[in-house]
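Reading through the structure tokens given below for one structure.
Laboratory data are not the source of any read-out in this text; all were calculated from the coordinates shown. Treat the numbers as computed from the prediction; the structure is a model and nothing was measured. So basically every Cβ, Gly included, is an ideal-geometry build from the backbone, and we count neighbours across all protein chains shown.
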Amino acid sequence: MSKTTILILIAGFLFTSCTNSVENHAAKPNFLVEGKEVLVYTTAANTDLRLSLTDKKSFEPARQPLETEVAVFVNPNKTFQTFLGIGGAITDAAAETFTKLSAEKQAELLKAYYDQKEGIAYSLARTSIHSCDFSSGSYTYVSDEDKELRTFSIAHDQQFRIPLIKKAIAAAGGKLLLFASPWSPPAFMKDNKDMLHGGKLLPEYYDSWALYYTKFIKAYENEGIPVWGITVQNEPMATQRWESCIYTAVEERDFLKNHLGPVMEREGLGAKKIVVWDHNRDLMSQRANTIFDDPEASKYAWGIGFHWYEVWAGGEPMYDNLSNVAESYPDKKLLFTEGCADSFDPQRYQHWPNAERYGQAMINDFNRGTVGWTDWNILLDETGGPNHVKNFCFAPIHVDTRTGALIYTPSYYYIGHFSKFIHPDAKRVSTTSSRSHLLCTSFLNADGKMATIVMNQSDQEIAFKLFIGQDAVSSTILSHAIQTFVY
């Protein structure tokens with residue numbers, strides 16, 4: 001090869017390298033939204049608006065907003081976590097109540113939750129491993145003292161719960177991400193010999209209890225119900241008058257790394273997701289630090305689950321703890337596993353603050369890295385149950401079993417402003433507001449459709465502009481309202 005040829009090749013290489021360098025460091029282009037249509041859906045207090053299409057607008061070139069103006073800024077060039085789904089728990093209580101509906105009302109409920117066009121498109125579900133408080137009574141899948149689990153059977157669930165889960169999967173288009181949580185091991189495995197009132201798993205039953213999870217997963221999958229994953233223990237720091245079991249952070253870590261994780265792998269279920277904690281935001285950092293800092297435990301943990309009940313102890317929701325875990329362990333996922341409005345009162349079905357609690361939590365949880373959000377019971381009766389310890393609460397939809405009527409609460413519609421328009425595999429997009437009155441978040445779906453949710457918690461109607469780059473769309477949100485912008 002001649003010197004001239006070599007010099008030409010070197011020059012070409014340098015030119016290509018410089019060109020690629022310029023391209024790689026060039027500013028990302030703005031999304032072209034000028035003239036693009038925006039659909040606005042609204043739910044508002046003191047109106048008939050419920051997930052109603054209230055406006056069609058278009059993005060137009062906009063001037064620099066002033067400090068006296070209200071604005072929401074969306075930057076599609078900055079994306080964050082991948083969205084898993086939104087849904088609710090299919091408990092024994094929900095399933096037993098569902099069977100009391102007429103065939104017509106059953107079809108209505110399934111469409112309302114799971115239909116992607118006419119409903120709010122739930123894509124996520126939770127269920128219990130044997131009984132919880134929202135069962136008509138305590139039960140397990142084995143006979144007493146059966147450490148070897150030879151009598152294991154899910155016959156109890158085949159009466160009500162499994163048929164409803166199968167119908168929900170069908171209504172969701174054949175796919176519904178399902179995870180399961182235990183509230184307590186069988187009484188004979190615990191130091192207090194009681195499924196209720198806390199207590200702890202006895203060491204001699206660690207492997208037996210770990211095997212119990214795998215038998216549950218295999219039994220459900222034999223029924224044609226795929227199980228995406230499990231949580232280790234529902235509310236492991238709460239001694240409840242219903243099914244409960246206590247694990248310190250160290251105890252949960254050691255059970256996971258020495259028993260549950262290895263047994264899941266041995267049984268061919270190593271690909272199933274395992275979620276730790278499954279309790280409130282208040283203590284989750286300590287639980288994450290203890291488990292995720294241990295490599296042998298951490299390798300089995302997909303992420304950390306959390307509830308919202310820390311507010312029962314007074315104060316505000318501990319959203320900053322989510323940020324701490326997300327920043328400290330970016331390879332782990334955040335999953336909201338349970339929340340409901342308590343203090344059931346049939347005179348308060350339409351109590352608007354219940355819905356606003358959902359909106360506030362969902363926006364704040366997502367903006368801090370949460371990938372999925374799971375409500376509690378999808379359906380309860382006119383008593384807020386059934387519940388075998390009278391721990392009654394609200395659901396997004398109730399049925400009055402005396403009349404057969406379905407009662408849709410505002411919470412159903414607030415959840416729908418997210419679940420109907422944000423689809424699995426969407427990416428969260430940078431979104432901020434210039435006023436604290438407006439909470440907001442955005443997700444970019446795989447089909448290119450953006451959903452921006454804006455919530456007004458104030459008593460005043462607010463005019464604002466939704467900006468993407470130098471283009472904006474003007475809008476007004478009523479007091480105590482939530483809107484989804486789809487574009």
The local net charge around Ala481, scoring Lys/Arg +1 and Asp/Glu -1 for residues other than Ala481 whose Cβ lies under 12 Å from its Cβ, equals -2
Out of Phe188, Phe134, Ala89 - ranked by how far each Cα lies towards the positive end of the dipole of the range 84-421, with unit charges on the beta-carbon of charged residues - the top one is Ala89
With +1 on the Cβ of every Lys and Arg and -1 on the Cβ of every Asp and Glu, the dipole magnitude of the range 340-470 about its Cα centre, in debye rounded to the nearest 20, is 420 debye
About its Cα centre, the chain carries a charge dipole, from +1 on Lys and Arg Cβ atoms and -1 on Asp and Glu Cβ atoms, whose size in debye to the nearest 20 is 1220 debye
Computed about the Cα centre, the charge dipole of the range 295-351 from +1 Lys/Arg and -1 Asp/Glu charges at the Cβ has a magnitude in debye, to the nearest 20, of 200 debye
Taking the alpha-carbon centre of each part, the distance from the range 350-391 to the range 234-257 in Å is 23 Å
Under the helix-only model (-39500 (n - 2.57) for each DSSP H run of 4 or more, divided by the residues of the chain), the mean residue ellipticity at 222 nm, to 500 deg cm²/dmol, is -8500 deg cm²/dmol
If one compares the long axis through the Cα atoms of helix 161-171 with the longest principal axis of the Cα atoms of the chain, the angle in degrees, nearest 10, works out at 20 degrees
The alpha-carbon center of the range 38-76 and that of the range 419-465 are separated, in whole Å, by 9 Å
Once amide hydrogens are built 1.01 Å from N within the peptide plane, the residues lying 5 or more places from Asp278 or on another chain with amide H under 5 Å from its amide H are Gly305, Phe306
Sorted by chain and number, the residues with a modelled amide H under 5 Å from that of Gly339, at a separation of 5 or more or across chains, are Trp376
Once normalised by the length of the chain, the mean sequence separation of its alpha carbon contacts under 8 Å that are 6 or more apart gives a contact order in percent of 22 percent
HN-Hα couplings for the range 64-81 via Karplus (6.51, -1.76, 1.60; θ = phi - 60°), in whole Hz with x for Gly/Pro, come out as 4, x, 8, 5, 7, 9, 9, 9, 10, 10, 10, 10, x, 6, 10, 10, 10, 5
per DSSP, antiparallel bridges as share of beta bridges in the chain, % nearest 5, sits at 55 percent
Residues other than Lys190 with Cβ under 14 Å of its Cβ, Lys/Arg counted +1 and Asp/Glu -1, net out at -4
Helix 103-114: inclination vs the chain longest Cα principal axis, degrees, rounded to 10, gives 50 degrees
Dipole check, the chain, charges on Cβ (K,R +1; D,E -1), about Cα centroid: among Leu269, Pro386, Ala355 the Cα furthest to the positive pole belongs to Leu269
Note, the range 323-330: 3J(HN,Hα) by Karplus (6.51, -1.76, 1.60, θ = phi - 60°), whole Hz, Gly/Pro = x, goes 4, 4, 5, 4, 6, 6, 9, x
HN-Hα couplings for the range 188-195 via Karplus (6.51, -1.76, 1.60; θ = phi - 60°), in whole Hz with x for Gly/Pro, come out as 5, 8, 10, 6, 9, 6, 8, 6
Counting only DSSP loop positions in the range 65-152, the trypsin sites (Lys or Arg not before Pro) whose Cβ has at most 10 other Cβ atoms within 10 Å are Lys117, Arg150
Sorted by chain and then number, the residues having a modelled amide H within less than 5 Å of the amide H of Tyr139, at least 5 places away or on another chain, are Ser131
From fewest to most C-beta neighbours within 10 Å, the residues His417, His307, His259 line up as His259, His307, His417
